[in-house]
Structure formats: structure tokens, C-alpha cells
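I have placed the structure first, in the form of C-alpha cells, so that the comments after it can refer back to it.
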Amino acid sequence: MDKIYKALAEIVGEEFVSNRKEELYIYSRDSGLSEPRFPDYVVMPRTVEEVQKIIQLANKEKIHVVPAGASLSLSGLTIPQKGGIVIDMRRMDRILELNRKGRYVVLEAGVTQGKLQAFLEENAPDLCHSLPEAPPSATVVGNLVIHGQGNLTQAYGFNSSMISGLEVVLPNGEICRIGSCSLSPYWFSIEPLPYLAGLFLGWFGTTGVITKVGLRLYPKKKLRDVELFVLEDPKLVSEVIYRVTHTEMAEDITTVAQPYPLMFQGTIMIGIYLTGDTEEELEFKRRLIWSSLSELIKAKEGGFMALTPDMKVGFLEKPMSSLTRSADILKGGGFVYCGAIIPIEKFPEALKKLFEIAERNGVTFAHTGRVIGRGHCMMFAFAYPFNRADLERMEKAKRALFDSYVATLEIGGVPWKPGAEEQKLILERMDKNSVELIKRIRELLDPNKIMNPGNWEVEL
Amino acid sequence: MSMELHRCFRCGWCKLPSDFVDYNCPSYAKFRFESFSPGGRLWLIRAWLNRELTWSENFAKILFSCVACKNCAEQCKMRFKDEIVDWITSAKSLAIEKGLAPPKVRDFLENIAKHGNPWGLPRAQRASWLDLNKFEGEEDLLYIGCECAYEERGQKMAKNVIELFKIAGLSFGTLGNEEECDGNEAYMLGELGLFQELASKNTQKFKELGVKKVITISPHAFNAMKKYPNRDFEVLHFTQLLLELIQKGKLKLSELDLTVTYHDPCFLGRHNGIYSEPRKILKSIPGLKLVEMKRNKENSFCCGGGSGNFVFDLLGGSESPARLRVREALNTGAEILAVACPICKAMFEDAVKDEASDLEVKDIAEILLRSAERI
Ligand SMILES: Cc1cc2nc3c(=O)[nH]c(=O)nc-3n(C[C@H](O)[C@H](O)[C@H](O)COP(=O)(O)OP(=O)(O)OC[C@H]3O[C@@H](n4cnc5c(N)ncnc54)[C@H](O)[C@@H]3O)c2cc1C
Ligand code: SF4
Ligand code: SF4
């Protein structure tokens, strides 16, 4: 029997390792448009010690490893660019601790967004985490690794800034704790120690395998509502966001612009979510938000759209399944998006680019966005549905996607969760000393170059 | 079929129940490779049809360990959701047609075709244990079904149902050894030819005997008969009839001090939308406390026995769906796990033994009988 297969089977049990072609096929691709690349093995550990042994084996055998959650980033981030072992982390799915008063949970790395959501619903209904609109089968850690955003991002920043502790298996197989949990039994804070968490976030699994995470929770109010502000002039979007964030009354602020349904063509919708424990609290917040926009309403620059209860249900669903459903717009099982992290005043430029790119490539498009922090920046998605059975359309969507990455950089933005190819675009434009630092950190942590090669790879 | 398979996004909503508490696709919950999830399975079927992948033992396991529980169709967010199980069934059908099905699956179907039951046991044995008159124009026909006819635990369940019907003074008979397999598993395995043959044999027999109403013990039979073409008889699951009997005052119930949790069988629940009758029966027993498992009704977690797996059992082992479910039942604090399906009953009784648990698995008829007999 294959030596590596045998060693992996000894570590995790034969049931949880595969080099069979069906598993290799499935883990060679994700739901996006990246080129498939086959792993040699897929393995599913249950404990940190098993992860450690897998990494030690990989060092010994000089074989690559790629940590994977649900592979839903859509940019091919768990596709093994240079083969090796894909570590599917989802058997490590225990929620280890809830500290209610301290408002944090400690999770294993394979816990899904859905599982955490359900756990809190049952055990701490007055607490919530920042939930992305990703399918509930996505993992919490996968989202943190890519600096994801959720419904609390407008108030508290990127989801990764809500981490209160980490446990990581380093590329050399050592287990390392980061934050208060490195010297205390409590996982309440990453600060005030040297900020080591930054070595593992945004690195796409190239600097270690996260095995546990402490995650901050926030007050969950009993009621949640949404108001939809509709306007036509993209230049006013940043003004609306500025005014609404000034009130500090919104939970989440999102943007939508799409050609369909036709009644919405040419308009931009800004979803303003509010929460409260009582109707009075909601009403108070609603009034402040409305009055912050009253001048724009009076000047007929925009207005609030009345939403039917049915429409509200769709907007208030957590997570919103309508985003997943957009993969079926062309009856084709797919969409991809370039999530551009941009300053909010760049909204009009980004939207213009989106229209141009869609027209140039002859593709269907949509834009959704989310405000990050109190207007500190936003995620602007250039989204393209495609039909998996239509190669020509897939090619067009791929080109539009690539153009969107370029456009993001041109307008001074930073592409979020870029795939291997797009990472190169970023590295090309990045300050040379920063690139050098990335390279040195990787070399230092991973001398055998086993971790997810092809990602953040500096070819100097 | 291949025209539509590409619409699956492999987004994974279908692995979960509506409140996301845990994985709810039994084969994914057991094997945990993405290839065993509904989306993974659909992508592999597409790859097989497109000749990107060739048939293999592992692919056979992936395909036939789908128990047709329908959780995926319930939870998928796409407009094609109702077709998912049919797509998987069609792939099974194609595999069988090409002679690729694993030997255990082949034997299962051959036995049904030759002997009228999946174990290949003699027809003469079908009703040898049954002490009941053959149907002679009574009001109802009680359809026993293979799982109750040949399996000791199923026989016990059938006897409980019969006893209750007798107490309620119901006029009914059975087909004895002349009963044919209902064909549900043939249908779910995509052996439509065999299903149609069985359906027409059964329909013909019912017609000859003047049967107007069939009561099934197994939800699988209930599901199959609902699909019979040109059906001119009514079909009820025994829990529907029992509830009616209770409501008409034909069964008087005395107190039972029990805490019970109820498992919704897929072919009664998700496939046919019957959730309330079994619960109403249990709640009508004075003193009985019904507690729910986290995953219930539309979110019920399958026992792992569907689509022939109660015989060829591709999902067995320490993390089998049945064992996971038994652990979930134990978490409710219930002393009894109530079932309404002979397959679930057998699967859970085995799981309880393997788990060395003192949870009791009882069919609803047995619980009701205990309460009815005390009067
Ligand atoms: C319909 C839809 C809507 C979405 N909406 C949002 C949204 O609102 N907000 C948002 O932020 N995202 C969104 N996403 C993107 C993405 O699905 C989520 O961010 C998701 O949470 C990623 O988790 P995952 O488990 O799929 O991660 P994966 O894709 O599996 O992994 C992401 C990265 O993390 C690495 N990784 C995974 N686990 C580990 C580990 N244990 N240790 C080290 N590295 C690891 C992987 O190697 C990879 O580089 C959406 C996606 C879809 C399809
Ligand atoms: S079947 Fe539906 S829910 Fe499941 S992966 Fe495919 S598209 Fe997603
Ligand atoms: S029918 Fe059940 S077992 Fe089959 S894929 Fe769907 S959820 Fe899984």
C-alpha cells in the first residue's frame, strides 16, 4: 500500500483518508471558476494531535498540505495548486466553551456558521456572532482566515477583528496558542500581547492550520428590521453611508444594484438594518436614521421604499438564501464575484467599472456590497452568474472576473479573497519591502515549503 | 437528467436541517467526505455521465448510500429542489441497467423479483406466523409488507397493529401468502420496471378482491402505493387509522407514565407530509409525556435504512445514522423512542444494542396497545 496513505490512515483511521478518484475529483474543484487541480490525498482529522501528526508527516515526506473548510470562498482557495494532502477540517466540529458574560465562544476549526448560529439560538439567545451571507455549511474559521464580513461588520469591523484567541498547528508541527489563551485558561482577548494573530489571518492557510478559535459574541436584540433607501445617483451613496453611520443606529448596511428585476434597473438600494429589544427602541433608531437622510429625501435625491412583509422576510433571513439562489439565475449552478475592498467614496467608480466590464464581456451581472466599520471602507462585489453547462459563458464570466480584479486595483481598492492568479496581480503592485516581508515570514515559518504552495507565493 | 445536473451549486444547504443544528444528510453525516454530500453526489453523477469519471466500487458506495430520505430536497434553496432525489434515483437506475450495481444491491432486487421479498425467503413463509383470516370483502385490507412479514421485530409490530384493530372492532383481512412486495425500494433504486410490475400485480389483486381501502404498516408501502398508476383504492398509514379510531372513541386509553420521543420516518414525513397523526396518538395517551428531538418533523434525521439500506447496509458502523439518532433520542431524556415504521424499528433496535443503551424502541401501536389493554 502507498506509504503516505498508510501513514495517514494510521493517524486518522482508514475511514477518514482517501486517495480514491471520487474524493480527489470533488476536492480538486470548488463552486467557482478556478481551474481544477487534483490533490493526492484527502484526510479528515478529529483532533489537534492528529493535525499535528499530519503536518509532521508532510514535513518528513515533503508533501504539500492545504487546509480546507467548506471550500465556499468561490475563488479556488482550497484547490491544491500543487497537489498534496487536502485537510478537510470539518470533523473538528465541537463548540468547546461559551463564556456568556465575557461574550465569547471557543470553537474547533470545522464548526460551521450554521452550527454556531443554532448553538447560540439555543444556549445564548441574547448573543450572536457576525454572520456572513454564505451558506450555513461554510465554516467559521474559513471565513475568519479570509477576513470575511458579516452582519456586525459595520459596527465592529472585519469578522477577523472579532477573534479573541487562536490555536494553530505551525508548519513545523508545533502547536501554538495566540492571545490570552497562551498564558491563561481564558480566551477573552488577543490584545495586549504582540499581535501574532496577524500571522495566520489573510494568509489562506500558508502559515499554519488553525485548530481552535475564540470568537467574540455581541448583544442580539429581540427585534430586527430593515429599511430600504433607494437612490439613482451613485455619487450620493457615500454620503448616505456617512450620514447613517454617524447615527450609530444601524446594525448592518448593505448595497445592491442589479439589472433585474427591471423595476430596480438604474437604482441603487441601500439596506439599513436595525435592531432593538423593544418596538420603542426600534422606532427611536428608525427616526434617527430617517432624519439623517431627510435633506436628501426633501431634495428628491432618494427615498425609503415601502417593503411588503413578504419582501422583508427575504431581506431579514439569516443568512439570506437569495444570495445562494443567484447561482441559479441562468439555470446554471454558479456565480463568482470579485469582492473589492474599497473606500466608500469609490462606489461610483466601481459601479461604472462593473457596468463597463459586464458590457464588454457580454455577461449578466449584479452588485451587492456591505459597509465595513463606520464607513471606513466597504466590500463591493462585482458578481457574475454563469452556467456550468455553457463553456462559452463560463469563459466570459471568467474574463469579467479577472477584469474586475484589475479594476479594483486601478481604483485604489484591494481585492478580497483573491485566487492564486489574482494574488499575483496584488503582489506585482505591492510595495517591494512588504512583498519581501511576506516571503521571509513564509520561509521562516515553513522552511520545507509544505503549506498551500501557489498561494501568496513570491516568485522573485 | 444530465441536462439539469449542472444546476447544483454545491453550496451545501441540503446537508443541514432548516435550523442548521447538525448535518442531516445521513450518508454525509456518516462518511464526512464532500463526495458523500448531496451536492458532491450530484457533481459526481454529472462527471460519470460526462465520462470524466469511470464507474468504481467507491462511486457505487457513494450512489447507493443515498437513502432517499429527501432532506436535500427539503432544504435546497434552488428551484429544481424537488428533482434532486429523482436525479440520484435515475443514476442508480442507469447503474443497475448497465449491470454495474454492487452485488448486494443486485441480489436485493433479484430477490424481490423472484421471491417477492428482498431476502429471497420462501413465499410460503410470508404469513405462516399470522393468525388472521384472509381478506374476504371486509372493509379494510391490512397490507403487512415484507419488513413485517419476514422480520421478527416487524412481525411483532404487525401483531400490535392487528390487536388494536381487533380491540376497536374493525372489519379487516390480509392477503396472507399471496401478498406481493409493495415495490417502494425498487422505485427508490430506480428499478421502475420491477416497480410497475409489482404495482400492477397488487392493483390487480386488490381489484379482484374488491379492496377499497388499504392500510399499510410500513410508510414505505404507503409511499409506494400512493404512486401506483391507476390506483382505485384508498391507502392509509396505520397511524392515520388509529387516530381516527381514538377520535371516534373506539379505543379507550388509560394512563401511562412514560416519557417518549417520536422519530418521523422519511416516507411518512418528508415524502408524504404526515407529521401530526403519530404525535396526536401519543399525546392522547393520558400521562404520556412527548418530548421532541432537536431534529423533528421536516428536519427528522433518517435511520439510514432507506433505499434498500436496511438490507445491504452501506451506512453501518460506529457513526451510523441509526446510532447518531439513538444518541439524539437519549439526549431528550426520553425512556422510549417511538417509531411508526418497521424499518426504523429494526435499525434503531440494533443501534440501541450497539450503543449498549437502555433506551427502549417501541412502535406506536405497542405503546397504544399497552394503554388500551389496561382498561
Ligand atoms: C452565496 C454566498 C454568499 C457569501 N456571502 C459571504 C458574506 O456575506 N461574507 C463573507 O465573508 N463571505 C461570504 N461568502 C464567501 C465564503 O463562503 C465565506 O466567507 C465562508 O465563510 C468561507 O468559509 P469556508 O468554510 O467555505 O472556507 P474555505 O473556502 O474552505 O477556506 C477559506 C480559506 O481558509 C483556509 N482555511 C480554512 N480552514 C482553515 C484552517 N483551519 N486553518 C488555516 N486555514 C484554513 C483555506 O485554505 C482557504 O484559503 C459567500 C459565499 C457564497 C457562496
Ligand atoms: S442540491 Fe441544492 S442545496 Fe445542495 S449543493 Fe446543490 S444547489 Fe446547493
Ligand atoms: S436523499 Fe437523503 S441521503 Fe440522499 S442525498 Fe439527499 S439528504 Fe442525502
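The values are calculated or read from the model by the stated rules, or taken from the named source; none is laboratory data. Just so we're clear, the structure is a prediction, and the values are computed from it rather than from any experiment. A quick note on method: Cβ atoms are made from the backbone with ideal geometry, for glycine too, and the neighbour counts reach across all protein chains shown. What goes into the accessible areas is simple: the full protein's heavy atoms, side chains included, and nothing from ligands, DNA or RNA. Shrake-Rupley method; radii C 1.70, N 1.55, O 1.52, S 1.80 Å.
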**Prompt:** Taking residue A:83, is it free of Cβ contacts under 8 Å to residues at least 60 places away in the same chain and within 23 Å of the chain's Cα centre (by Cα)?
**Reply:** no
**Item:** Criterion (closer than 24 Å to residue A:414 by Cβ, β-branched (Val, Ile, Thr) and assigned to a loop (DSSP other than H, G, I, E, B)) met by exactly one of A:207, A:245
**Value:** A:207
**Prompt:** When residues of the range B:133-149 are filtered for being over 26 Å from the mean Cα position of the chain (by Cα) and open to solvent by less than 20 Å² (accessible area, probe 1.4 Å), how many remain?
**Reply:** 0
**Prompt:** For residue B:310, which of the numbered conditions (1) in contact with a helix residue (DSSP H, G or I) (Cβ under 6 Å, 6 or more places away or on another chain); (2) free of Cβ contacts under 8 Å to residues at least 40 places away in the same chain; (3) closer than 20 Å to residue B:218 by Cα fails to hold?
**Reply:** (2)
**Asked** Does residue B:83 qualify as being open to solvent by 30 Å² or more (accessible area, probe 1.4 Å), part of a helix (DSSP H, G or I), more than 16 Å from ligand 2 (Cβ to nearest atom) and not aliphatic (A, V, I, L, M)?
**Response** no
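Residues are listed down the side, and each one gets a yes or a no for (1) more than 30 Å from residue A:271 (Cα to Cα); (2) under 16 Å from the mean Cα position of the chain (by Cα):
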| residue | (1), (2) |
| --- | --- |
| A:157 | no, yes |
| A:163 | no, yes |
| A:168 | yes, no |
| A:173 | yes, no |
| A:197 | yes, no |
| A:204 | yes, yes |
| A:208 | yes, no |
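Residue-wise test of (1) open to solvent by 10 Å² or more (accessible area, probe 1.4 Å); (2) within 15 Å of ligand 2 (Cβ to nearest atom); (3) among the aliphatic types (A, V, I, L, M).
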| site | (1), (2), (3) |
| --- | --- |
| B:11 | yes, yes, no |
| B:49 | yes, no, yes |
| B:54 | yes, no, no |
| B:61 | yes, no, no |
| B:70 | yes, yes, no |
| B:91 | no, yes, yes |
**Message:** Please count how many residues of the range A:12-53 are open to solvent by 20 Å² or more (accessible area, probe 1.4 Å) and part of a loop (DSSP other than H, G, I, E, B).
**Reply:** 12
**Fill in**
The one condition residue B:252 fails out of (1) modelled with pLDDT under 95; (2) within 16 Å of residue B:25 (Cβ to Cβ) is (2)
**Prompt:** Tell me, which strands (runs of 3 or more DSSP E) wholly within the range A:63-104 include 3 or more residues that are within 24 Å of residue A:416 (Cα to Cα) and open to solvent by less than 20 Å² (accessible area, probe 1.4 Å)?
**Reply:** A:65-68, A:85-88
**Message:** Given the criteria touching a helix residue (DSSP H, G or I) at 6+ places or on another chain (Cβ under 6 Å) and away from every other protein chain (no Cβ under 12 Å), does residue B:74 qualify?
**Reply:** yes
**Fill in**
Scanning the range A:362-395 residue by residue, the ones that are away from chain B (no Cβ under 13 Å) and part of a loop (DSSP other than H, G, I, E, B) total 8
**Scan of the range A:122-135 for residues that are more than 16 Å from ligand 3 (Cβ to nearest atom) and either among the aliphatic types (A, V, I, L, M) or under 22 Å from the mean Cα position of the chain (by Cα) (or both), ordered by number** = A:124, A:127, A:128, A:129, A:130, A:131, A:132, A:133, A:134
**Asked** Residues in the range A:180-206 that are on the phi > 0 side of the Ramachandran plot and touching a Phe, Trp or Tyr at 6+ places or on another chain (Cβ under 7 Å): how many?
**Response** 1
**Message:** Criterion first (out of contact with any Phe, Trp or Tyr (no Cβ under 9 Å at 6 or more places or on another chain), within 12 Å of ligand 1 (Cβ to nearest atom) and outside the structural domain of residue A:81 (by TED's automatic domain parsing)) does residue A:319 satisfy it?
**Reply:** yes
**Fill in**
Subset of the range B:15-42, residues within 16 Å of ligand 1 (Cβ to nearest atom) and surrounded by fewer than 24 Cβ atoms within 10 Å (Cβ to Cβ), comes to B:32
**Message:** I need every pair where a residue in the range A:348-365 that is in contact (Cβ under 8 Å) with a residue 24 or more places away in the chain and among the charged types (D, E, K, R) has its Cβ under 9 Å from the Cβ of a residue that is part of a loop (DSSP other than H, G, I, E, B) and open to solvent by 20 Å² or more (accessible area, probe 1.4 Å), sequence separation at least 6 or different chains.
**Reply:** A:349/A:412
**Message:** Would you confirm, using the coordinates I've provided, whether residue A:437 is at pLDDT 95 or above, within 28 Å of residue A:174 (Cα to Cα) and open to solvent by 60 Å² or more (accessible area, probe 1.4 Å)?
**Reply:** yes
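For (1) more than 25 Å from residue A:17 (Cα to Cα); (2) away from ligand 3 (no atom under 12 Å from the Cβ), each residue gets a yes or a no:
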position	(1), (2)
B:13	no, no
B:16	no, no
B:22	no, yes
B:35	no, no
B:54	no, yes
B:57	no, yes
B:74	yes, no
B:84	yes, no
B:92	yes, no
**Asked** Can you find a residue in the range B:352-359 that is crowded, with 22+ Cβ neighbours inside 10 Å and on the phi < 0 side of the Ramachandran plot?
**Response** no
**Prompt:** Looking at B:18, B:35, B:56, which is the one that is more than 9 Å from chain A (Cβ to nearest Cβ) and hydroxyl-bearing (Ser, Thr, Tyr)?
**Reply:** B:18
**Message:** Anything in the range A:30-41 that is within 11 Å of chain B (Cβ to nearest Cβ) and out of contact with any Lys or Arg (no Cβ under 8 Å at 6 or more places or on another chain)? List them, or say none.
**Reply:** A:32
**Fill in**
Within the range B:23-32, the count of residues that are more than 7 Å from every other protein chain (Cβ to nearest Cβ) and outside any helix (DSSP H, G or I) comes to 3
**Request:** Could you identify the single residue in A:375, A:302, A:334, A:339 that is over 28 Å from residue A:419 (Cβ atoms), open to solvent by less than 30 Å² (accessible area, probe 1.4 Å) and either within 16 Å of ligand 2 (Cβ to nearest atom) or under 21 Å from the mean Cα position of the chain (by Cα) (or both)?
**Result:** A:375
**Message:** Just the residues that are among the polar types (S, T, N, Q) and open to solvent by 70 Å² or more (accessible area, probe 1.4 Å), please, taken from the range B:101-132.
**Reply:** B:125, B:128
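Yes or no, residue by residue, for (1) of a type in the set (Gly, Ala, Ser); (2) within 14 Å of chain B (Cβ to nearest Cβ); (3) open to solvent by 30 Å² or more (accessible area, probe 1.4 Å); (4) within 22 Å of the chain's Cα centre (by Cα):
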position: A:330; (1), (2), (3), (4): no, yes, yes, no
position: A:347; (1), (2), (3), (4): no, no, no, yes
position: A:407; (1), (2), (3), (4): yes, no, no, yes
position: A:413; (1), (2), (3), (4): yes, no, no, yes
position: A:433; (1), (2), (3), (4): no, no, yes, no
**Fill in**
When restricted to A:138, A:134, A:118, the only residue farther than 21 Å from residue A:185 by Cβ, within 14 Å of chain B (Cβ to nearest Cβ), free of Cβ contacts under 8 Å to residues at least 12 places away in the same chain and open to solvent by less than 40 Å² (accessible area, probe 1.4 Å) is A:118
